[in-house]
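Beneath this line is the structure, given in structure tokens, with notes to follow.
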Amino acid sequence: MTASPISNPSVSAPYIEIDAVSKSYDGGRSVAVSNVSLDVQQGSLVALVGGSGSGKTTLLKTINRLVDPDVGEVRIDGVPVSEAEPPMLRRSIGYVFQGIGLFPHMRVADNIGVTLRLLGWQVNEIKARVAEMLDMVDLPQDYASRFPHMLSGGQRQRVGVARAIAARPRIVLMDEPLGALDPVTRDSLGSSYRKLHDRFGMTTLMVTHDIQEAALMADRIVVMKNGHVLADDTPHTLIMGSDDPDVAALMEVPRRQAERIAALATKNGAARA
Ligand code: ADP
Ligand code: MG
């Protein structure tokens, strides 16, 4: 007989609980999120995937109260976020904006240090943390004095990630953080982020429209469509198949691509031999 999940100490209580949350805009005419429940375990990296307009950004924003749900509740460590002051809550949760979202008139160092200043850190402490963060996201130290327009898109994304995690938040929300990057940069920033996430014991929710990225980076994939959750499982389970035709079609993509690449490698190898 196997142990029940309740008696298994490795199954911890959820850290972020999204409990039957709904949100519409335009006086109820536009339903963005419809009765979504989601548990996120501490230390996990969860990818939120789904087409444009499926409610991913809205759902993410209910966690740091950039959006308050019409119905339902979000809890962090058992405490409703509705009881927290939005500015305090936002300082304790890292947020990587959709698009780039750096302050254009601020130097890289000031962008990275913005939350630390709000938290009342001393100037020398901020300077040291900024230097550490630049190293961590593989940017040269002399970039600290540059303005965002003096960086490439990929470098700006790195600054966005550095800013979000500078205060070592326990929770990080990322909205398409790797969007609009070339594939090499995307892959390298993705794997550096996963390492940082594990090293600092962060809990991350990451919106991406790249299913392959989700499958390779995340512990769990949540698939959304029209404000609903269609699937919520490990990449392994989802890639093995799904009863839902939309989910099955979505997970077919990385599998077929992997098969085609593998076939290509074999064919080329045979031709060269
Ligand atoms: P996603 O991030 O998956 O693209 P969003 O959460 O941004 O989805 O949007 C979900 C739905 O809510 C869309 O139909 C969108 O047009 C609508 N929506 C999002 N934000 C607003 C807003 N501030 N005002 C009105 N409608 C919005
Ligand atoms: Mg979005």
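Computed from the coordinates by the stated procedures, all read-outs in this text should not be read as laboratory data. Because the structure is predicted, anything quoted here is derived from the model rather than measured. Counting neighbours? That spans all protein chains shown, and the Cβs are built from the backbone with ideal geometry, glycine included.
Overview of results
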read-out	value
Computed Kirkwood radius, in angstrom, where 1/r is averaged over Cα pairs of the range 102-168	11.4
Value at 222 nm in deg cm²/dmol, rounded to 500, when DSSP H runs of n ≥ 4 in the chain each add -39,500 (n - 2.57)	-12500 deg cm²/dmol
At least 15 Å along the helix axis (C-alpha) and Kyte average at least 0.5, DSSP helices within the chain	108-118
Residue among S30, S242, S52 with the largest mean-square fluctuation in a Gaussian network model of the chain, springs linking Cα atoms under 10 Å	S30
Distant-in-sequence amide H partners of I93 (H built 1.01 Å from N, under 5 Å)	none
Shape of the chain, Cα gyration tensor, a/c cut at 1.5	oblate
Q42 paired with M88, simple spin-label distance in nm, labels 7 Å along Cα-to-beta-carbon	2.0
Highest-MSF residue in the chain out of N111, N64, N124 [GNM, Cα springs under 10 Å]	N124
Residue among V253, V223, V207 with the largest mean-square fluctuation in a Gaussian network model of the chain, springs linking Cα atoms under 10 Å	V253
Viscosity 0.890 mPa s, temperature 25 °C, Stokes-Einstein D of the range 56-175 from Kirkwood C-alpha radius, µm²/s	163
